[in-house]
1. Looking at residue 120, is it in a strand (DSSP E or B) and either touching a helix residue (DSSP H, G or I) at 6+ places or on another chain (Cβ under 8 Å) or modelled with pLDDT under 85 (or both)?
2. Is it the case that the stretch 50-73 has a residue that's closer than 30 Å to residue 161 by Cβ, at pLDDT below 90, touching a strand residue (DSSP E or B) at 6+ places or on another chain (Cβ under 8 Å) and not in a helix (DSSP H, G or I)?
3. Evaluate the following for residue 123: is it in contact with a strand residue (DSSP E or B) (Cβ under 9 Å, 6 or more places away or on another chain) and assigned by TED's automatic domain parsing to the domain that holds residue 52?
4. Within the stretch 179-195, identify whether any single residue is under 21 Å from residue 76 (Cβ atoms) and not in a helix (DSSP H, G or I), and answer yes or no.
């Protein structure tokens, strides 16, 4: 499900935006708040696909709020749309935090709809390349292309990316493999690898070398046929 947070000081504006979003896709979940601290807390403890942020919140700068959202790793590239009465030429200052677009107040439905439809379509397309994980009630989206390998160790699952190691306790390798694209293959009872990140295969030692890191992944005997089927063990 796509989730959008609206951080707007005027309830009427929030309600208008929610109505337009629901008319685009009734399955989209919206959260409304006028409090910046509440917005940050909710963003940290959950996951949102798009943020609509009022530039002039009461007692708080929407610009500063957007920077705080950007500082949360999982939102480095999440679309942030500003809601503002400021002329568009002054919005150039917001480029440093990758403002995706902006909506001018008072709202004009055709303009708002155009901005939201474009952004929602972008998010929907991007989500197809992400792995959605739920851990302890929190949702995470991990870009599949950035996953190097996934390991089962000590009754836990570890998703290894180029930037971080994500620890999971509520999944099995089999469940994750079903969620992943065809770029992933099981090579061992304890490992799934992203074939896009294979540097080389050492058949004499039954090892796979992974790009970017000093790590070799073992190949289990019964999994060699999977590799052969992908033209990787020839």
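1. no
2. Within the stretch 50-73 (the criterion being closer than 30 Å to residue 161 by Cβ, at pLDDT below 90, touching a strand residue (DSSP E or B) at 6+ places or on another chain (Cβ under 8 Å) and not in a helix (DSSP H, G or I)), the answer is no, since none of the residues qualifies.
3. yes
4. Yes, the stretch 179-195 contains a residue that is under 21 Å from residue 76 (Cβ atoms) and not in a helix (DSSP H, G or I).
Residue-by-condition table, conditions (1) assigned by TED's automatic domain parsing to the domain that holds residue 163; (2) within 18 Å of the chain's Cα centre (by Cα); (3) in a helix (DSSP H, G or I); (4) closer than 24 Å to residue 134 by Cβ:
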site	(1), (2), (3), (4)
17	no, no, yes, no
23	no, no, yes, no
30	no, yes, no, yes
41	no, yes, yes, yes
106	no, no, no, no
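The values are calculated or read from the model by the stated rules, or taken from the named source; none is laboratory data. All values reported here derive from a predicted model rather than from experimental measurement. We place every Cβ from the backbone using ideal geometry, glycine too, and count neighbours over all the protein chains shown.
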